[in-house]
Structures are given as C-alpha cells and as structure tokens.
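Undergrad: This structure is in structure tokens; I'll ask about it shortly.
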Amino acid sequence: MTATPLATAPTSATPASGLGRRLLRDSGYVLAGLPLALVGFVLAVAGVSLTAGLLVTTLGLPVLAGTLYAARALADLERLRLPGVLRQPRVRPVYLAPAAGAGYWRRILTPMRDAQSWLDLLHAFVKLLVALPAFVVVLVWWAVAVGGTLYFAYDWAIPHGPGQQDLSELLGMGVGPVPRIALNTSFGLFCLFTLPLVARGCARLQAGLARSLLTGVAEMRHRITTLEEQKRAAASAEASALRRLERDIHDGPQQRLVRLAMDLSRARQQLAADPEAARRTLDEAVTQTRETLDELRALSRGIAPPILVDRGLPSALAALAARALVPTELLVDDDLGTSGGRLDPAVETTAYFVVAEALTNVAKHSRASACRVEVTRRVGRLEISVADDGVGGAHLAKGHGLSGIADRVRAVGGTLDVISPEGGPTVVRAELPR
C-alpha cells in the first residue's frame, strides 16, 4: 500500500478523465448486472423448483447441491466485480470443504451445511429486484443525456406535421424548432451532468446488496479472527516479556543482592576483629550496590523507557542507536517529534521495542559492520525498517528473537516481514497502524 502522490500543476483533464473512468465503470457494472441477475434468478428458481419436485427421491439433494455450487460460481463472479465499485480489496469467504476421503453423500451434503452457500443462493434470488430498476434508470439517463444533448443534430429528421403539438409548445415556449431544440437540449444537459451521480448511486446500491450477502459474513469472520490473533499475540508477547524479566532479575540483581547481604554480614563480623578488612568488605558492598542499581536501570528501560515517555519516539530511538554495538544510521521523520505529532503510546512503545529487539539481534547474530534504521510516517500507518549488511539467515521461527517482535507487532494490528537470504543482507520491515 502506497500513499497517493500529490499532483503538481494539475490540469482540467485530470479530474475529468477520472470522473469519466468512474462513470464508465459504474455504468458497466450496473448494465452488466441485469444479465447476470437474470441468469442467477432463472438458475435459482429452476434449481429450487426441481429440488422440490425431486425431494421425494434421492435425486433432489444432488440437484440442490448443484444449484448451490452454481450460485457460488455466480457469487464469485460478482465478488470479482465489487472492488471496482467499492474500491475495497476482494474478500472471498472460506467455504466448508468435504474431508479427504469423504463419501458421495457427505460431499453432497457439505454445501448445504455452509451458511454462506445459502446466502449466495439468496443473492441470486433477490439481486434482480435491485438490478432491474438500476438498469432501467441508468439506461434511461444515458439515452436522455446522449439523445437530448445531440438533439439539434437530428431534429430535422423527425416529422413535425400540422396539428402535432410539441412539449415546448404545450409549455408555452413557442412554436418552431428553436424552442423545441432548446427544451430537449436542456433535458439532455441535465441528465448529462447528473449522470455520474445517478450511475454511482445505482452502482453503490447494487454493490451494497452484494457486499452484505456475499462478503459481509466473511469480513466479520475475518475481523473476529484478526482480533483473536491479536489477543493471542499480545498474551504471548506479555508472557515472553515477563519470563525474560524474571530471568534477568534472577540472573542479575537478585544474585547481586544475595552477595550484598553476605558481604554486609561478613563486614559486621569483621568490624570488631579486623576493621580494615571490614572496610574493604564494605567498599565491595558499595560497588555491588552501584552495579545492582545500573542493572535495575537497564531493566527499567526494557519495561518502560523514561526517555520514550518524556521526549518521544525520535529521542528514544536516537538513544538506542547511540548505545548499539554495531554502527547504526538513524533516519526518522521530523514530524514524529513535533508538538501534536506524538503517536499513540501503544504504537510508540511497540515501535521502540521493534527497533530495540532488531538491534539486539543484529549485535548478537548478524556479524554486521553497519546497520540502518528508518522510521517513516505514512497516511494511517508507521513504517519501520531495520537493515544490516550481515550474514543473513534470520527468520521468524519460535525460539528466535524475531518471534517476540512479531508477537508485539501483531498485538497492535501490524505486520512484520523479514527478508534475510543466506549471506545477507537482512531487512526487517514492520508496519504499525496509527
């Protein structure tokens, strides 16, 4: 998905050509919809009627299954036509499929257990109710627009005998070709100027019915599945972060605090017998305290970096790049740090940890000599790219560092791609919704 470039030095032909293409697309969708609606209606009526007549025998169920499959094929054709009108990506439901090795009757009954198959059949029945009036309206509007606008060119060929009154004469506009041509041309110009709106309205009406029956349930299921995946990814990322925090605390500050307690106990015992030894032990305890504080500060940066909260994403990423073990070039959009340009806190935190984890993987595994981090703000999304010139071979398998990044990104509804052929280079790209 790319942002629409800003037009420079626009000409009057640019919007007109876009309007013309949309008019032709909408008109073609409506005009082609009537033949398809007729085919679907005849097929649905014939199939259901034949099924009802043969239902007392075993032939009724195969006929019904065939009707449902035929309605599915027409529904797929309609789904192919929808993106051009609705300007949305094509969505196709996941139909029930018979299990491998299923018997004849199980295969026959499978489409009957699928709710979307019945919605396809319902669409074949009711589409004609919308397609027919939309077809008539668009066709009449086109006919009046073209015929009325060009009326002056063929008025002479229309017989106007004595005793015949034209509409212009009945309206009191006068007698003769001039008022007649003026009236018909005005009708044609009115229909010509309103034709894009009429065609668009009819196309949206017909496409709205198709979307509600043919893709509405699929879109809802897809949304539910996406939310479930985000929930699982958030839980997985949280659990991984907690396990890592527990491990880091156990291996670092906890061990140092145990040693600190032992040093203080030894110093207390040495205080009366050997004050000099007690002083050295206390010096070691102070050193242990400082190191413990440093480790706790590092852990706190992993939980909620203060610089990210106080100064925003650009400053936090700059701090990450400065601490990176591999020389890192950082490119961040300027508007991310301006007043009012702050992102959602969840997105900022996710972006920070994506870069932090990616730089950690670069330092541990890539054997790279240089790294480049780019953070770009697009319309509706934030793009993050971390590239290095290392040996490659990175992937998203569980147990690797990048899997944690993938869980964090999915938890906020984003996507993560890793391009890392053997021999390098490696590029980690993330897109986060804003």
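No value in this document is a laboratory result; all are computed from the given coordinates. Values in this document were obtained by computation on a predicted structure and should not be read as measured data. Cβ atoms come from the backbone with ideal geometry, glycine included; neighbour counts cover every protein chain shown.
Undergrad: Send over the per residue convex hull volume for the stretch 380-434, Cα only, as a whole number of Å³. Each step should come with its number before you reach the end.
TA: Numbers: hull volume 3.4 nm³, N = 55.
Expressed per residue, the convex hull around the Cα atoms of the stretch 380-434 is 62 Å³.
Undergrad: Can you give the alpha-carbon Rg of the stretch 50-96 over 2.2 N^0.38 Å, where N counts its residues?
TA: Working: Rg = 15.1 Å, N = 47, 2.2 N^0.38 = 9.5 Å.
Computed over Cα atoms of the stretch 50-96, the ratio equals 1.59.
Undergrad: Taking R0 as 51 Å, what FRET efficiency do you get between L205 and K364 from their Cβ-Cβ distance, rounded to the nearest 0.05? Write out the running numbers ahead of the final one.
TA: Numbers: r = 58 Å, r/R0 = 1.14.
FRET efficiency, L205 to K364: 0.30.
Undergrad: Are there trypsin sites (Lys or Arg not before Pro) in the stretch 361-417 that DSSP marks as loop and that have at most 15 other Cβ atoms within 10 Å, and which are they? Present the calculation step by step, with values, prior to reporting the outcome.
TA: Working: sites: K364, R367, R372, R377, R378, R381, K398, R408, R410; in loops: R367, K398.
Sites meeting the loop and neighbour criteria: R367, K398.
Undergrad: Here's a follow-up. Expected output is a single nm value to one decimal: the length gained when fully extending between L59 and L139, i.e. 0.36 nm times separation in residues minus the C-alpha distance. What is it? Spell out each step's value before the answer.
TA: Numbers: separation 80, 0.36 × 80 = 28.80 nm, distance 4.22 nm.
Gain on extension, L59 to L139, equals 24.6 nm.
Undergrad: Taking the stretch 33-151 as the region of interest, what is the percent of Cα-Cα pairs per 10 angstrom bin, listed from the shortest bin to the one with the maximum distance?
TA: 13, 33, 29, 15, 7, 3, 1
Undergrad: A further question follows. Hey, got the Cα dimensions of the stretch 311-433 along the principal axes, in Å, largest first?
TA: Extents along the principal axes: 42, 28, 20 Å.
Undergrad: Considering the dipole of the stretch 311-433 built from charges on the beta carbon (Lys and Arg +1, Asp and Glu -1) around the Cα centre, which of L336, V427, A363 is farthest to its positive end?
TA: Comparing the listed Cα positions along the dipole, A363 ranks first.
Undergrad: Per residue of the stretch 262-276, what does 6.51 cos²θ - 1.76 cosθ + 1.60 with θ = phi - 60° give for ³J(HN,Hα)? Whole Hz please, x for Gly and Pro, Karplus curve as stated.
TA: Calculated HN-Hα couplings, in order: 5, 5, 5, 5, 5, 5, 5, 6, 7, 4, 7, 7, 9, x, 5 Hz.
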